[in-house]
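For reference, the structure is listed below as structure tokens.
Every number in this text was worked out from the coordinates using simple rules, so none of it is lab data. Predicted model, so just to flag it, every value in this text is computed and none were measured. We place every Cβ from the backbone using ideal geometry, glycine too, and count neighbours over all the protein chains shown.
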């Protein structure tokens, strides 16, 4: 006759097993370099028991918390590395000043232009929100998992010129191609010498149909030839930029002039009229 023994779980036994499981969770989470798993597993355990979750549901919930936290952390790292002058989001933008482009920008916020390697060009006079929107789209890109770099046109020219002088331009262009989005702010605020313009053209050409650009300018495209000192180079550059691009025109007076009794600055009245035509 074979006797059988029934193991009775006492509160002490259950507590001991739980403690051992928690220790194992800490070890496994550390080995996976995912420390937040332990916190999520502990926090969700009682909820899972009370609600009668399956093992699969519980595991999925724990891993979902880890992935969400990791994505958020990664986005913040990408935002800090992008070089934005300040953190500006679409939620912060004063849409009452630019209602005509709100729908277009909302469509861009889905991030589809990045996967399609499309460009965005923001044209308009100073103080109308071009840099704000360019930064906000950069933050959108970072949150979608793309690496982003932000700099003014003159800063990009300086960077490319230094790489060229060091004999490292091909490598620099190849490295920049790995960024999902490059933002070029303030095209047209300062003239660019012809040799530097050729380098900038190479940047644009290297990203054509490969990865996205966001550019801002206070000038219409017809004025870019004067900025780059060569109509042919400017035309070839514009051709590649706008072939797959959303071109948005911002209008109105500078937000910096509000409450100062000025509607416009003398130096930009001609530019504003040209851009709106």
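Angle check, please: helix 55-81 long axis (alpha carbons) against the longest principal axis of the chain (alpha carbons), in degrees 0 to 90, nearest 10.
Once rounded, the angle reads 30 degrees.
So in the chain, what percent of DSSP beta bridges are antiparallel if you round to the nearest 5?
That works out to approximately 0 percent antiparallel.
Report, in degrees rounded to the nearest 10, the 0 to 90 angle that the Cα long axis of helix 11-31 makes with the longest principal axis of the chain.
Between the helix axis and the principal axis of the chain, the angle is about 30 degrees.
With an 8 Å Cα cut-off and a minimum separation of 6 or more residues, compute the relative contact order for region 82-276 in percent.
With pairs under 8 Å counted, the relative contact order is 31 percent.
In degrees, nearest 10, range 0 to 90: what is the angle between the Cα axis of helix 130-143 and the longest Cα principal axis of the chain?
30 degrees
For region 124-185 and region 48-118, what is the separation of their Cα centres, given in Å?
21 Å
Where does the chain land at 222 nm, in deg cm²/dmol rounded to the nearest 500, when only DSSP H runs of n ≥ 4 count, each adding -39500 (n - 2.57), divided by all residues?
Value at 222 nm, helices only, nearest 500: -17000 deg cm²/dmol.
Kindly provide the pair-distance distribution of region 69-123 built from C-alpha pairs, with 5 Å bins from 0 and whole-percent values in order of increasing distance.
Bins of 5 Å from zero give 4, 13, 18, 25, 25, 12, 3, 1 percent of pairs.
Across every pair of different alpha-carbon atoms, what Kirkwood hydrodynamic radius in Å does region 94-156 reach?
With all distinct Cα pairs of region 94-156 included, I get 12.7 Å.
Jot down the radius of gyration and Dmax of the chain, Cα atoms only, both in angstrom.
In Å, with Rg to one decimal and Dmax whole: 27.0, 107.
With a 10 Å Cβ neighbour count serving as the proxy for reagent exposure, in which order, fewest first, do 217, 206 appear?
The order, fewest Cβ neighbours first, is 206, 217.
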